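Below: one structure, written as structure tokens.
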Amino acid sequence: MSILKSNIALIIALTSLSSIANAGDWLSSWSVELGVSSIYDDNILRYSDKYLTLFTERQDEGRFHVNTRDDVILVSSIRGMTTLKLVQSLPTTLTVDFKQRMFTGNGIKDWSTYEVNARQGLGKRFAAGVGYNYSPYFYVRHYLDGDWASRYGDGPESYQPFDFAKDEIEGWVQKMLFNATRVRVGGLYSRYFYNEHFTEYDCTNKTFSIDLGQPLSRNLRLTFKYAYELSRAKGDANTDPSYNEDAFGLGAVWSLPDILGRDNSLRVTGEYARRCFTTDHALEVDPLHAGRVDYATRLSVAYECKPLKKFALALNAAWQSRDAQTQAVVNADYLSAERDFRQFQVGLEVKYIIRYVAPEESEFEEDE
């Protein structure tokens, strides 16, 4: 109920801008997007084959606190956006996002995000932006708490939820080169706060990225992204999950021929990451991280269309995997059984859009 009240309050606040739009030249445009999605996920906890088998056979009591390995996720979202003229005639775009994900069969996995972003135009070919994102709770799965196991043994009571809260702040600058080449350089600072059972995983992450966009034709655009992430965890005498990661992304957006005068497009994206754990602990002390290197792959495709002026639809599918390897050959089978996973998702999203654009203004349209 509190979420519903917050959404209604946001709609009222943004809609009221239309009543004062003619009072001055500072308001260029505003919009509200209401979204609903349904997503099928075949491996909600990203379990390896080993743990999927244990779950199916109802073994290892205490570890599993979900009813099914797969689920249907209902996602509700609301976005409010307004473009103002606060710096001379240069557009300032403010965006507020809220997204709630509800798992129909496994409520323990429900989670939400809150996000605020600001984009400042600095001329026709230059812009900068900042953003803040907060997730109050995210459940990963149950793990054996070493402190509890030392006192009570490896029974069900020694398994505790592995969950965290996260916040992050981002900044970027963007430049348009030549006719339509977009170059964006950014930095992201994240903090993860785990519950009292796993504080050794508390960490700060710093990510540096470069994002390129290049049209090949009027209807086809390519994107490329590289990001380097450094994660430094609190750790303890037995565990240090700190790592360095290189991540690459390549995508294509193809604007398809209009259907009944309406836009539709196809987006394909591939991502690849190599994560190297940096612990100095011996293999016997920290077998989950010593010498470990993860290789992660994600492939996604989305078809988007606007069958009606105020409605947008999107069909999405994604497949991702993690291959955990190690420099210690004797630990390879154990690590693979613990951390490898495969996951497939497919979903449908519907958005309803309320929009106001001041006469003779187009910055908002161009900024989408």
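Just so you know, all these numbers are worked out from the coordinates, no wet-lab data involved. Quantities reported herein were computed from a predicted structural model and do not represent experimental measurements. Every residue, glycine as well, gets a Cβ built from its backbone with ideal geometry; the counts of neighbours run over all protein chains shown.
Laid out as a table, the results:
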{"quantity": "Prolate/oblate/rounded call for segment 186-299, Cα gyration tensor, a/c under 1.5 rounded", "calculated": "prolate"}
{"quantity": "When each of Lys225/Lys306; Lys166/Lys234; Lys124/Lys309; Lys124/Lys310 is checked by Cα-Cα distance, pairs over 19 Å", "calculated": "Lys225/Lys306; Lys124/Lys309; Lys124/Lys310"}
{"quantity": "Tyr134 versus Leu348: modelled label distance in nm, points set 7 Å from Cα along the beta carbon direction", "calculated": "3.5"}
{"quantity": "Thr199-Leu220 pseudo-label distance in nm [points 7 Å out on the Cα-to-Cβ vector]", "calculated": "5.6"}
{"quantity": "Residues of segment 229-252 with amide N under 16 Å of the 7 Å Cα→Cβ point at Lys206", "calculated": "229-234, 242-246"}
{"quantity": "Neighbour-count ranking [beta-carbon atoms within 10 angstrom, fewest first] of Phe103, Phe311", "calculated": "Phe311, Phe103"}
{"quantity": "Backbone HN-Hα couplings from phi across segment 274-290 [Karplus 6.51/-1.76/1.60, Hz, Gly and Pro as x]", "calculated": "10, 10, 10, 7, 10, 4, 9, 5, 5, 4, 5, 8, 10, x, 6, 10, 5"}
{"quantity": "Calculated FRET value between Glu61 and Arg191, using beta carbons and R₀ = 45 Å, to 0.05", "calculated": "0.85"}
{"quantity": "Phi to ³J(HN,Hα) by Karplus 6.51 cos²θ - 1.76 cosθ + 1.60 over segment 152-165, Hz, x for Gly, Pro", "calculated": "10, x, 9, x, x, 5, 8, 8, 10, x, 9, 9, 8, 10"}
{"quantity": "Whole-Å semi-axes of the ellipsoid equivalent to segment 2-367 (Cα gyration tensor, √5λ, descending)", "calculated": "41, 23, 21"}
{"quantity": "Segment 98-107 - phi-based ³J(HN,Hα) in whole Hz, Karplus 6.51/-1.76/1.60, Gly and Pro as x", "calculated": "9, 9, 10, 10, 10, 8, 5, x, 9, x"}
{"quantity": "Dipole of the chain, positive end: most advanced residue of Gly155, Tyr272, Gln120 [Cβ charges, Cα centre]", "calculated": "Gln120"}
